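Since the structure comes first, as structure tokens, the remarks are kept for the end.
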Amino acid sequence: MNIFDIVGPVMVGPSSSHTAGAVKIGLISRKLFGNKIQKAKIEFSGSFLATGKGHGTDKALVAGLLGMAVDDEDIPKSFEIAKEKGVEFTIQGADLGDVHPNTVRITLENDNAKPLEIVASSIGGGRIQVNELDKIMVNFCGDAPTLIVHNVDKPGHVAEVTSLLAHEKVNLSTMQLYRKERGGNAVMVIECDEEIPDHVLQFLCHMNGILKVTYLSLEE
Amino acid sequence: MFESLEEIISIEKEKNISFWECIIEDDCKENDISREKAFEKMANMYKVMKQADANYDDKLYSQSGLVGTDGKKIHDARERGELLCGDFIGRVIERAIKMAESNACMKRIVAAPTAGSCGVMPAVFITIQEEKGYSDEEMTKAMYVAAGIGEVIANRAFLAGAAGGCQAEIGSASSMAAGALCFLRGGDGTMIAHAAALAMKSVLGLACDPVAGLVEVPCVKRNVMGAVNAMTASDMAFSGIQSKIPPDEVFDAMRTIGRNMPDDIKETGKGGLAGTPTGIKIKEQIAL
């Protein structure tokens, strides 16, 4: 906790969980997709669905997808702005199963890129958590530089990635490994103390057995 | 991070520094930032509060239509000299309503400590500055005092309605503002702590029962209560009245009450006012 979580943040109301948290989920999804969003499918569940309209959760989420920050006074106008920018979106309700009450599933599309499916929750006080990426369970909150590597589940990839980061003097704070099945596709989620330089990300993309590299930078 | 007001008071005495300095020093160390940068950031928080106060739109209604324009009603009555509370407290009431309405209408505010309780601190801070002419620097120090109290409450209890009911939101905001007021009036840590305790004691047990689950009814008006309660608590402490229960124990009582509170009055939009026939009817009318 930080003193500016107690007095602060500066945000557009009315709710830290249902408005500011929704903007953050939109923003993080946009960064993780890394391409221009042409189409977005937004599926709300639980309390997001029940009280979302009154809290502006729908507008907040779209605002985040458009790159607005939590204190942007254009958040209430996000639907119109999306239209101007040619970002298509649909909003509906969905049963996402046994998840946190404030959870949303977002599918982002661009004709020239692989679609990205994200499930994320707003867990209170504006803090969020990403729960699923492309149907693989993950768990990170996006308040540290985060590297997400999809790779073939074979020995050595974790060592290769971490030694590369060590060589660049990037310290790791947490690391999680996930896979669907042995020898199938795996995901590593690495939260770092420092930002990862661009050339390292480029290098990672071209390594054998690495399928996809996604990086969440805290820098704009 | 401070776990108790007692700890802050002992550092205040030991190092012979002011209450706010204990908070800023600890926070700078914790987050590895310079004192100048931290102070500037806090000064900006206060600046944003003042901007938000000035940007109130007296024609705006929330998305649900449940709140809006009440700030103007109080303003007009105050201008006509009709308020029993007088002009000074009248301005506190007016600012608290306006800020809480701005929040409900998706305008920019400072969560202090939460968005739902964002009207309490600015109502008290901006009005006292207007009245007494304190500098922005003094006000920024007072913001640190408030933040320090909030930090202790967060560590001993909670600041979210979903965790501990409205006492955790409006109660904490009121407690923070009461302590800050005593600081501005020249009070030491002991007086600050007792003001914070007296404010919290008066709202212990307050339910979080928002109609339709929205931060509107009764949240907007409870900001008024929190702000005025901070003024009276500060006056009591300034006069030398102390809380018979030590301040840190008052926060512990808030935690215990919050834990024992049934879920339907902890921001679920089920019990209390939300569960009245009218509350239920409103909810049905505004579903997504």
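The values are calculated or read from the model by the stated rules, or taken from the named source; none is laboratory data. Since this is a predicted model, take the numbers as computed values, not measurements. Cβ coordinates were reconstructed from backbone atoms using ideal geometry, including for glycine residues, and neighbour counts include every protein chain displayed. Quick note on the areas: whole protein, heavy atoms, side chains included, nothing else; ligands and nucleic acids left out. Shrake-Rupley method; radii C 1.70, N 1.55, O 1.52, S 1.80 Å.
The figures follow:
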{"item": "Of the criteria (1) facing chain A (nearest Cβ under 7 Å); (2) in a loop (DSSP other than H, G, I, E, B); (3) surrounded by fewer than 24 Cβ atoms within 10 Å (Cβ to Cβ), which one residue B:162 fails", "result": "(2)"}
{"item": "Count of residues meeting criterion [open to solvent by 10 Å² or more (accessible area, probe 1.4 Å) and at the interface with chain B (Cβ under 7 Å from one of its Cβ atoms)] in the range A:1-18", "result": "6"}
{"item": "Search result, residues across the range B:123-140 that are away from chain A (no Cβ under 11 Å), open to solvent by less than 10 Å² (accessible area, probe 1.4 Å), under 14 Å from residue B:230 (Cβ atoms) and in contact with a Leu (Cβ under 9 Å, 6 or more places away or on another chain)", "result": "B:124"}
{"item": "Residue in the range B:38-64 that is nearest to the other protein chains (Cβ to nearest Cβ), counting only those that are farther than 21 Å from residue B:113 by Cα and free of Cβ contacts under 8 Å to residues at least 60 places away in the same chain", "result": "B:63"}
{"item": "Any chance residue A:130 is in the same structural domain as residue A:24 (by TED's automatic domain parsing) and surrounded by fewer than 22 Cβ atoms within 10 Å (Cβ to Cβ)", "result": "no"}
{"item": "From B:17, B:8, residue being under 24 Å from the mean Cα position of the chain (by Cα) and at pLDDT 95 or above", "result": "B:8"}
{"item": "Flag if residue B:88 is over 30 Å from residue A:61 (Cβ atoms), within 11 Å of chain A (Cβ to nearest Cβ) and modelled with pLDDT of 95 or more", "result": "no"}
{"item": "Test result for residue B:150, surrounded by 24 or more Cβ atoms within 10 Å (Cβ to Cβ), facing chain A (nearest Cβ under 8 Å) and either among the basic types (Lys, Arg) or under 12 Å from the mean Cα position of the chain (by Cα) (or both)", "result": "yes"}
{"item": "Residue in the range A:150-162 that is in a strand (DSSP E or B) and within 21 Å of the chain's Cα centre (by Cα) present", "result": "yes"}
{"item": "Total residues in the range A:1-39, condition in contact (Cβ under 8 Å) with a residue 60 or more places away in the chain and of a type in the set (Phe, Trp, Tyr)", "result": "1"}
{"item": "Scan of the range A:42-64 for residues that are over 13 Å from residue A:91 (Cα atoms) and at pLDDT 95 or above, ordered by number", "result": "A:63, A:64"}
{"item": "Residue count, the range A:91-127 (criterion: open to solvent by 30 Å² or more (accessible area, probe 1.4 Å), farther than 23 Å from residue B:158 by Cβ and within 14 Å of chain B (Cβ to nearest Cβ))", "result": "3"}
{"item": "Residues located in the range B:185-202, provided they are under 16 Å from the mean Cα position of the chain (by Cα) and surrounded by fewer than 24 Cβ atoms within 10 Å (Cβ to Cβ)", "result": "B:201, B:202"}
{"item": "Given (1) over 30 Å from residue B:285 (Cβ atoms); (2) in contact with a Cys (Cβ under 9 Å, 6 or more places away or on another chain); (3) away from chain A (no Cβ under 14 Å), index of the condition residue B:185 fails", "result": "(2)"}
{"item": "In the range A:37-47, residue nearest to the other protein chains (Cβ to nearest Cβ) [restricted to those that are over 19 Å from residue A:139 (Cα atoms) and among the polar types (S, T, N, Q)]", "result": "A:47"}
{"item": "Residue that is small (Gly, Ala, Ser) and surrounded by 24 or more Cβ atoms within 10 Å (Cβ to Cβ), where the choices are B:207, B:253, B:237", "result": "B:237"}
{"item": "Meets criteria (in a helix (DSSP H, G or I) and on the phi > 0 side of the Ramachandran plot) for residue B:196", "result": "no"}
{"item": "Selected residue (only one of A:56, A:26, A:34, A:21 is at the interface with chain B (Cβ under 8 Å from one of its Cβ atoms) and of a type in the set (Gly, Ala, Ser))", "result": "A:56"}
{"item": "Qualifying residue in the range B:108-122 (condition: open to solvent by 20 Å² or more (accessible area, probe 1.4 Å), more than 11 Å from chain A (Cβ to nearest Cβ) and touching a residue at least 40 places away in the same chain (Cβ under 8 Å))", "result": "no"}
{"item": "Any chance residue A:148 is surrounded by 14 or more Cβ atoms within 10 Å (Cβ to Cβ) and touching a Pro at 6+ places or on another chain (Cβ under 7 Å)", "result": "no"}
{"item": "Residue list for the range A:185-213, restricted to those being surrounded by fewer than 18 Cβ atoms within 10 Å (Cβ to Cβ) and either part of a loop (DSSP other than H, G, I, E, B) or among the small types (Gly, Ala, Ser) (or both)", "result": "A:193, A:194, A:195, A:197, A:206, A:207, A:208, A:209"}
